[in-house]
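> I'd like to ask some things about the structure below.
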Amino acid sequence: MSKACKNCRLIVETETTCPLCQGTEFTERFNSTAQIFDPAKSEIAARLGVKAPGRYAIKIKEK
Ligand SMILES: [Zn+2]
């Protein structure tokens with residue numbers, strides 16, 4: 001099952017450590033995801049503060 005890194009929102013499948021920020025806290029409670037190919041040209045990447053290509057959770061539920 002996919003899960004999102006709570007720190008940088010990267011979507012991972014089986015990793016226990018985020019390959020991007022080395023975070024170890026994940027949540028399965030997120031809404032939609034976005035595939036970002038070129039962060040420099042992506043408005044979504046700018047809005048999320050994303051700097052590396054990948055698939056990210058747009059919105060993580062707090063509760
Ligand atoms: Zn992360």
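FYI, it's all coordinate maths here, none of it is from the lab. As the structure is a computational prediction, the values presented were derived from the model and not from experiment. Here Cβ is always computed from backbone atoms with ideal geometry, including for glycine, and neighbour counts include all displayed protein chains.
> What share of Cα pairs, in percent, lie more than 17 angstrom apart in the chain?
32 percent
> Would you work out the charge dipole size for the chain about its Cα centre, treating the Cβ of every Lys and Arg as +1 and the Cβ of every Asp and Glu as -1, and quote it to the nearest 20 debye?
In total the dipole reaches around 240 debye.
> Considering the options Ala46, Leu20, Ile36, tell which one lies farthest towards the positive end of the dipole of the chain, charges being +1 on Lys and Arg and -1 on Asp and Glu at the Cβ, about the Cα centre.
Ala46
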